Amino acid sequence: MEELGSLIQGFGVALSPFNLLLMLVGVVLGIIIGVLPGLGGANGVAILLPLTFSMAQRPGGTTSAIILLSCIYWGALFGGAITSILFNIPGEPWSVATTFDGHPLAQKGRAGAALTAAFTSSFVGALIAVIMITFLSPIVASFALEFGPPEFFSVYMLTFCAFVGMSRGNAFKTIASMMIGFALAAVGLDSVTGTLRLTFGFTSLLKGFDFLIAVIGLFGIGEIMETLEEGLAFKGASAKINMKVVIETWKELPRYWATSLRSAAVGCFMGIVPGGATPASFMSYGVARRFSANGDKFGEGQVEGVVAPETAAHAAGTSALLPMITLGVPGSPTAAVLLGGLLIWGLQPGPLLFVEQKDFVWGLIASMYLGNIAGLIVVLTCVPLFAAILRIPFSIIAPIIVVICAIGAYTVHNSMFDVYMMVVFGIVGYVFKKLKYPLAPMVLALVLGDRAEENFRNAIKGSGGDLSVFFSNGLVGSLTTFALVLLFWPVVSLLLAKARRKA
C-alpha cells in the first residue's frame, strides 16, 4: 500500500499544467524522431538533453526535465511502427519485427488496422511494464544484481536460438543468414583486446558496420528496389482509414490476449536483464508464430504478428528504466542517456534515490502512465494522416524515401561512407529477398553479435577457459539449456516427424 500512496503523490507532481504540456511536447517530438530512419530515441534524447540543463536548476525542475526526455522516448517507441508498416522501413531498430506482418497488412489495404494494433499493443506492453515497475521494483532490482557475463551471454544465446527453433522456415537458411550477421558484427575494433579485425586496411571500417545503416539499407533501399521491379505502386494505395477501423480493430485485439501477455512477459524480462527492446521484439514474434494457430501465415499480414513485437518492444523499453533508477545500470541506450542526465543534474541513481528524491522517482513513474496515454491518443488521432501517405503515387514518394534514408544514414556518424554502405546493404537486402533468405536473423546477429561475443569471452576469461561456467548456477544453467533445446528443435521435430511416418 505504501507504493500506492507514493504513486498518488507522484501523480500530483506529474499532473501540474507545465508537466502535462511537457508530456505532450515530448510525445510529439518522440513520434517525429521515431518516424525518421536513423535518428533513434537515444540520439533524439541526447540531442535535446542540453535543453534541460537550465530547467533542472529550478525547484522541481529535475522532475520536469526527466518527464520531457522520457516522453520523447515513449513517442519514439510509438513512432517507430509508422514507417515500418507503411513503407517497410523501420524507424527504430525494435520496429524491424513489426515490418514482417505490418507492411503486408498495409499492402492489403489494412494500414489502419495494422497501425491501430501496433499503437494499442505498444500501450498495453508499456502499461504492464509500468505496473511491474510500481510494485515489483525491490524484487526485480535484487534479481538483476545476479547477472554477470555468463548470464548476459546466455540471454543473447537464447535470443539467437529462439529464432532458429521458433521459425517455421528453412532452419539452415536462418542459420546461414545469422552467420553472415555475426561476421559483419566482428568487423572493426575488438572491444576486449583492442585489436583490429576484418578492416582490410580501410580506416572507415574501424568502427564496424552500424546497425542503423544496415537496417536502413536492407529494409528501406531493398524495399524500394523490389517495388521498382514490381512497377512503382503501393499495394495499399486504396486504403480508407476512419474511427470505425480503429474500433473494429479494438474489437479484434482481445482474441490475442495470450499473445499480449506472453510478449509483455518477454519484453519485461529482456528490459530488466537487460537484453533490450530489439531482441525482445524478435523473440516475442518467434514465440507468437510458434504458438499461433495461424503461425504458418505469419509474414503474409497477420494482426497477431504486429501485436507480439510491438507489445514486447514497448514493455522492454519501459522496463529498461527500472535497473537505471534502482541500480544505476541502464537497460538500453536511451536509458544510458537518461542516466547521464541524472548525473549531470546532480542525482545519484540507486536505492537511496527512492528515499532522498521521492517526488522525483514517483513523479517519473506517474509520468510513465500519463505519457503513454498521451502517446496513444496522439498517434490514434493521427492514424488517418499516416495512412493518407499511402495515397501518394509511389513515383513521387520513392525519391523522398531514398533522400530521407540517405539523410538518416549520413547523420548517424556524419559520414558519406555510411551512405555508400546503405546502398550496399540495400543491394544485399534485395538479393536476400529474391533468394528467399530471411533478413531478420542477419539483422539480429549484427546488432547483438558483438555484445554476445564480449560477454562470452569475459565469462571464459573469468572461469579460466571452463565452459561449465554457463551451467554454474540455476539461472544461467536454465537459460543455456533452454537455448540449446531451441537450437536443436528443428532437428528433433524432423526426427519425430519421420518416426510418426514410419509408425
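The values are calculated or read from the model by the stated rules, or taken from the named source; none is laboratory data. Note that the coordinates shown come from a computational prediction; the quantities given were computed from them, not determined experimentally. Positions of Cβ are backbone-derived with ideal geometry, glycine not excepted, and every protein chain shown enters the neighbour counts. Remember, those area values only see protein heavy atoms, side chains included, never the ligands or the DNA or RNA. Shrake-Rupley method; radii C 1.70, N 1.55, O 1.52, S 1.80 Å.
Could you look through region 206-238, keep only residues that are open to solvent by 40 Å² or more (accessible area, probe 1.4 Å) and modelled with pLDDT of 75 or more, and pick out the one that is nearest to CYS405 (Cα to Cα)?
Selected residue: MET225.
Going by what's in this entry, would VAL447 be described as of a type in the set (Val, Ile, Thr) and surrounded by fewer than 20 Cβ atoms within 10 Å (Cβ to Cβ)?
The answer is no for VAL447.
Starting from region 286-309, keep only residues that are over 12 Å from PHE100 (Cβ atoms), then list their pairs with residues that are in a loop (DSSP other than H, G, I, E, B) whose Cβ atoms are within a distance under 8 Å, requiring at least 6 positions of separation or different chains.
ARG290/ARG168; SER292/PHE298; SER292/GLN302; ASN294/GLN302; GLY295/ARG168; ASP296/ARG168
Could you give me the residue pairs with C-beta distances under 8 Å whose first residue belongs to region 171-186 and is assigned to a helix (DSSP H, G or I), whose second residue is open to solvent by 60 Å² or more (accessible area, probe 1.4 Å) and not hydrophobic (A, V, I, L, M, F, W, C) wherever it lies, and which are 6+ apart or on separate chains?
LYS173/LYS436; LYS173/TYR437; ALA176/TYR437; SER177/TYR437; ALA185/ASP450
Give LEU496, LEU467, LEU486 a once-over and let me know the one that is within 28 Å of LEU158 (Cβ to Cβ) and under 26 Å from the mean Cα position of the chain (by Cα). Spell out the reasoning first.
Values: LEU496 fails: under 26 Å from the mean Cα position of the chain (by Cα); LEU467 fails: under 26 Å from the mean Cα position of the chain (by Cα).
Only one candidate qualifies: LEU486.
Inside region 263-344, counting only helices (runs of 4 or more DSSP H) that do not spill past its ends, which hold 2 or more residues that are under 13 Å from the mean Cα position of the chain (by Cα) and modelled with pLDDT of 75 or more? Spell out the reasoning first.
Numbers: elements: 277-291, 304-319, 321-327, 333-344.
Correct list: 277-291, 304-319.
Which residue pairs have Cβ atoms closer than 6 Å, lie 6 or more positions apart in sequence or on different chains, and pair a first residue in region 15-32 that is closer than 19 Å to PHE78 by Cβ with a second residue that is of a type in the set (S, T, N, Q)?
Once the first residue is closer than 19 Å to PHE78 by Cβ and sits in region 15-32, its partners that are of a type in the set (S, T, N, Q) give LEU22/SER64.
Can you name the helices (runs of 4 or more DSSP H) wholly within region 416-503 that have at least 2 residues being out of contact with any Cys (no Cβ under 8 Å at 6 or more places or on another chain), under 25 Å from SER84 (Cα atoms) and not polar (S, T, N, Q)?
Here the list reads 416-435, 440-463.
Could you say whether any residue in region 44-58 is within 23 Å of MET422 (Cα to Cα), buried (at least 24 other Cβ atoms within 10 Å of the Cβ) and at pLDDT below 70?
yes
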